[in-house]
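Visitor: One structure, as structure tokens, below. Some questions next.
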Amino acid sequence: MNFILSFIGPLPDYLIDCVYQIRLYYNGELYLIFDDYSSNLLNELAYKYNVKLIKYDDVNNDSKERLIKHADKFMPTPAVNGRPHLFFKSYERMFLVNELINKYDLTDNIFMEIDNLIYNNPEKWINEFSKRDLAFMYNDKIKCSTCLMYIKNKNSMKPVLDYMIYYIETEDDAWVSEMGVFQKFYELNHDYNYIIPSLYNDKKHDDFNEIIYKNFNNDIFDPLSYGQYLLGMDVFHTAGVIVTGKTLEHYYVVCERYKLEWKITENGLKKPFILNENTNEWVLINNLHVHSKDLKSGLSI
């Protein structure tokens, strides 16, 4: 398998925390697509963590040909420090990752946004995820989460990329994002996509949506809720102060309803768990999507 990261813009320091955590659990091929060619992080990434550095200029032919001409369709985000084109770049990275996979004919790929931490060997996920060409999570009624997703091979992304282009060419959507378009793609193509479970079968709440647990087999992943709750919301939304213990009510996973704990495992690694109230068993949360970008507070060692 292969693990792929992508970040276009000045590389943030928390990228090192993300990669450090990956290397605690995974020793295989690890790629980073980037365009900050003068970053002071590059030597550490390449030589300490054995990251294969992939220049943006080497994998953006498809995005230049198909996507960049539509850049004006995306809402600018000048107030988000360092990410004035957040929605466009989030959309574009799907094309970049696809071009990397095609260029090297990569099979069984995990793509992850760099504001995530993993707590398990991702090789353990492949057998389940590979039941479909793509695997990703549901976040709420109108958005899926691609913060951690599976891409089977070089052919797997074509249908969703074609739909992403079709969407921006035909829809008048001022808030177009890859999260919303992936949700619409799933609704049109159920059998093509595997929905990664983000909760056990919660029998206590009437508003619970079975889509987020239908593939549950004692594995839980985080689309955004758990990371926000345990490690804080992005300080852009909280006046510069990291606020923990909160998730948004429109999410499918509302963390205030559940018992979450950090535990030290038998090999000395700190990991997040949720209590399955149906079985009274603690279930590992395999990743945290760290909205606050305070990845250091969630490191296993």
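Visitor: Residues that are hydrophobic (A, V, I, L, M, F, W, C): list the helices (runs of 4 or more DSSP H) wholly contained in region 55-167 that include at least 3 such residues. Let's see the steps before the verdict.
Guide: On the way: elements: 61-66, 86-104, 126-129.
Output list reads 86-104.
Visitor: A further question follows. List, please: which pairs have Cβ atoms under 6 Å, are six or more places apart or on different chains, and start with a residue in region 177-205 that is within 20 Å of Leu224 (Cα to Cα) and modelled with pLDDT of 95 or more and end with one that is of a type in the set (D, E, K, R) and surrounded by fewer than 16 Cβ atoms within 10 Å (Cβ to Cβ)?
Guide: Sorted first by the residue in region 177-205, then by its partner, the pairs are Tyr194/Lys131.
Visitor: Just name the residue that is surrounded by the most Cβ atoms within 10 Å (Cβ to Cβ) out of those in region 250-301 that are in contact with a strand residue (DSSP E or B) (Cβ under 7 Å, 6 or more places away or on another chain) and either of a type in the set (S, T, N, Q) or part of a helix (DSSP H, G or I) (or both).
Guide: Asn287
Visitor: Can you confirm whether region 235-253 contains a residue that is more than 28 Å from Val19 (Cα to Cα), in contact with a Phe, Trp or Tyr (Cβ under 9 Å, 6 or more places away or on another chain) and touching a residue at least 40 places away in the same chain (Cβ under 8 Å)?
Guide: Yes, there is a match, as at least one residue in region 235-253 is more than 28 Å from Val19 (Cα to Cα), in contact with a Phe, Trp or Tyr (Cβ under 9 Å, 6 or more places away or on another chain) and touching a residue at least 40 places away in the same chain (Cβ under 8 Å).
Visitor: Which one of Phe95, Phe136, Phe111 is at pLDDT 95 or above, closer than 20 Å to Leu284 by Cβ and surrounded by 22 or more Cβ atoms within 10 Å (Cβ to Cβ)? Show your work before the answer.
Guide: Details: Phe95 fails: closer than 20 Å to Leu284 by Cβ; Phe111 fails: closer than 20 Å to Leu284 by Cβ.
Of Phe95, Phe136, Phe111, the one residue that is at pLDDT 95 or above, closer than 20 Å to Leu284 by Cβ and surrounded by 22 or more Cβ atoms within 10 Å (Cβ to Cβ) is Phe136.
Visitor: A further question on this structure: Out of Leu5, Leu15, which single residue is within 17 Å of the chain's Cα centre (by Cα), touching a residue at least 60 places away in the same chain (Cβ under 8 Å) and part of a helix (DSSP H, G or I)?
Guide: Checking each option against the conditions leaves just Leu15.
Visitor: Looking only at region 29-48, which residues are loosely packed, with under 15 Cβ neighbours inside 10 Å and either within 20 Å of Tyr104 (Cβ to Cβ) or among the aliphatic types (A, V, I, L, M) (or both)?
Guide: Ala46, the sole residue that qualifies.
Visitor: Starting from residues that are in contact (Cβ under 8 Å) with a residue 40 or more places away in the chain and surrounded by fewer than 22 Cβ atoms within 10 Å (Cβ to Cβ), keep the ones in region 209-231 and report whichever is nearest to Asn280 (Cα to Cα).
Guide: That would be Asn218.
Visitor: Right, next: Considering every residue within region 178-196, establish whether at least one is touching a Phe, Trp or Tyr at 6+ places or on another chain (Cβ under 9 Å), part of a loop (DSSP other than H, G, I, E, B) and under 30 Å from Leu260 (Cα atoms).
Guide: Checked against the condition, which is being touching a Phe, Trp or Tyr at 6+ places or on another chain (Cβ under 9 Å), part of a loop (DSSP other than H, G, I, E, B) and under 30 Å from Leu260 (Cα atoms), region 178-196 yields at least one hit.
Visitor: Every residue in region 257-283 that is in contact with a Ser or Thr (Cβ under 9 Å, 6 or more places away or on another chain) and touching a residue at least 24 places away in the same chain (Cβ under 8 Å), please.
Guide: Gly268, Leu269, Lys270, Lys271, listed by residue number.
Visitor: Let me ask something else. If a residue must be of a type in the set (A, V, I, L, M) and modelled with pLDDT of 95 or more, how many such residues does region 69-92 contain? Reasoning before the result, please.
Guide: Keep residues of region 69-92 that are of a type in the set (A, V, I, L, M), which gives 71, 75, 79-80, 86.
Add one more test, that the residue is modelled with pLDDT of 95 or more, and what stays is none.
Total satisfying the criteria: 0.
Visitor: Answer yes if at least one residue in region 172-180 is over 18 Å from His289 (Cα atoms) and of a type in the set (Asp, Glu), and no otherwise. So that I can check it myself, show each step before the final result.
Guide: First, pick out the residues of region 172-180 that are over 18 Å from His289 (Cα atoms): 172-176.
With of a type in the set (Asp, Glu) added as a condition, the list becomes 172-173.
Scanning region 172-180, I find at least one residue that is over 18 Å from His289 (Cα atoms) and of a type in the set (Asp, Glu), so the answer is yes.
Visitor: Filter region 51-66 for residues that are farther than 13 Å from Lys103 by Cα, over 21 Å from the mean Cα position of the chain (by Cα) and either surrounded by 13 or more Cβ atoms within 10 Å (Cβ to Cβ) or not acidic (Asp, Glu) (or both) and give the result.
Guide: Lys64, Arg66
The values are calculated or read from the model by the stated rules, or taken from the named source; none is laboratory data. The model shown is predicted, which means the values in this text are computed figures rather than measured ones. Ideal geometry is used to build each Cβ from the backbone, glycine not excepted, and the neighbour counts take in all protein chains shown.
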